[in-house]
1. Could you pull out every residue, at least 5 positions away or on a different chain, whose amide H is within less than 5 Å of the one on Val93? Hs are placed 1.01 Å off N in the peptide plane, and Pro or chain starts have none.
2. Taking Cα centroids, how far is segment 244-294 from segment 151-172 in Å?
3. Sort 90-100, 135-145 by the packing proxy (mean of other Cβ within 10 Å over each peptide's residues), most packed first.
4. In percent, what relative contact order does the chain have, based on Cα pairs under 8 Å that are 6 or more apart in sequence?
5. If each DSSP helix of 4+ residues adds -39,500 (n - 2.57) and the sum is divided by the residues in the chain, what number results at 222 nm, nearest 500 deg cm²/dmol?
6. Find, among the trypsin sites (Lys or Arg not before Pro) in segment 202-245, those assigned to loop by DSSP (not H, G, I, E, B) with at most 12 other beta-carbon atoms within 10 angstrom.
7. Rounded, prolate or oblate: which fits segment 1-125, taking a ≥ b ≥ c as square roots of the Cα gyration tensor eigenvalues, rounded meaning a/c under 1.5, else prolate when a/b beats b/c?
8. Looking at Ser277, Tyr262, Ile246, which one has the Cα that reaches farthest to the positive end of the dipole of segment 101-280 (charges on Cβ: Lys, Arg +1; Asp, Glu -1)?
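Values in this text are rule-based calculations from the coordinates and carry no lab data. Just so it is clear, the structure is predicted and the values come from calculations on it, not from any experiment. With ideal geometry, Cβ positions are generated from the backbone for all residues, glycine too; neighbour counts draw on all protein chains shown.
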Amino acid sequence: MKKILVTRRLLRSCEDKAEMSFNAILNSNDELYSQKKIIELSNGCDGILSSLTDKLDSDTINKLPETIKIISNFAVGFGNIDLDAAKKRDIIVTNTPDVLTDATAEIGVLLILGACRRASEGIESARQGGWKWSADYLIGRQLTGTKLGILGMGRIGQKIAKVAKSLGMIIHYHNRSQLSDEKEDGAIYHKNLKDFLKECQVLSICCPASKETIDMINKETIEYLPKGAIVTNVARGDIVDDNALIDALNRRKVYAVGLDVYKNEPNLNPGYLNHKSAFILPHLGSATKETRTAMANLAIDNIDEFFKTGNCVNKVN
Ligand code: DGY
């Protein structure tokens, strides 16, 4: 039986599955392992079932035992793993696409709604009580007829577009390549980032973090947005230069932000914490029972497939 290290706790039924399929070392206390501890614990293992909180950089990967042949990430994103370093070591890296599209898109839509309709201020007022209703009290932005720009029109972006369209939003998108007519479903493609951002009354960041996208939303590109744009991010914090975005919020270039992901999670840039126009969530994208179960089962199946066939359909390196 192959031996694997599971770096974080999974839902109980998924841990049972891992134990039935492999000799699995589980993390019953859900301790956040250091890189050193991951290296130590993976001694004698054939694979690692990692999570987005594990920073598997090249130094860590180079110190993993020779026996490690697969890192199966319990996430669709894999910015926490140095893919090139893994490839050089002949370790395959896999992810969990598709199964979290709906749950993550739901949070993407929630961020748009929360930021546009001033949910942070509304929740605060409701909790304090005694608010005075008036015709202009907490007036927000209506989605109907508003242009939504999707940065990264993959599965999650397409699902957000579909829901937003049903709410009357007009969809624009920027992607490495244009989608088929069927997938585009009436959305307007912009090859050029600047042309795209100029249209974004609301921006929804849905692209993976990569060398090309890190800090893509920065001091310069924020200026392409229309004045009073709303910026939301359901993808990865690394795509945004936080200081530039907070500065834009403070000078009302950006009207509001809706964020589920951050650089240096869980230590957010303090500029977001008490900002009344920041609707912020603690990386809840895939946090439903159905989705977390499906993700963990897929991460386990990816390892199984690899050891049975020598390959895996969800390989990303
Ligand atoms: C992912 O899988 O990349 C999500 O961000 C997890 O919530």
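1. Counting only residues 5 or more places away or on other chains, the set is Ile71, Val316, Asn317.
2. 19
3. Listed from highest to lowest mean packing, they are 90-100, 135-145.
4. Values: 618 pairs, mean separation 58.0, N = 317.
Relative contact order here is 18 percent.
5. On the way: 13 runs with 116 residues, N = 317.
The helix contribution divided over the chain gives -10500 deg cm²/dmol.
6. On the way: sites: Lys211, Lys219, Lys227, Arg236; in loops: Lys211, Lys227, Arg236.
Loop-located and lightly packed - Lys211, Lys227.
7. Taking the square roots of the gyration eigenvalues as a ≥ b ≥ c, segment 1-125 is prolate.
8. Ser277
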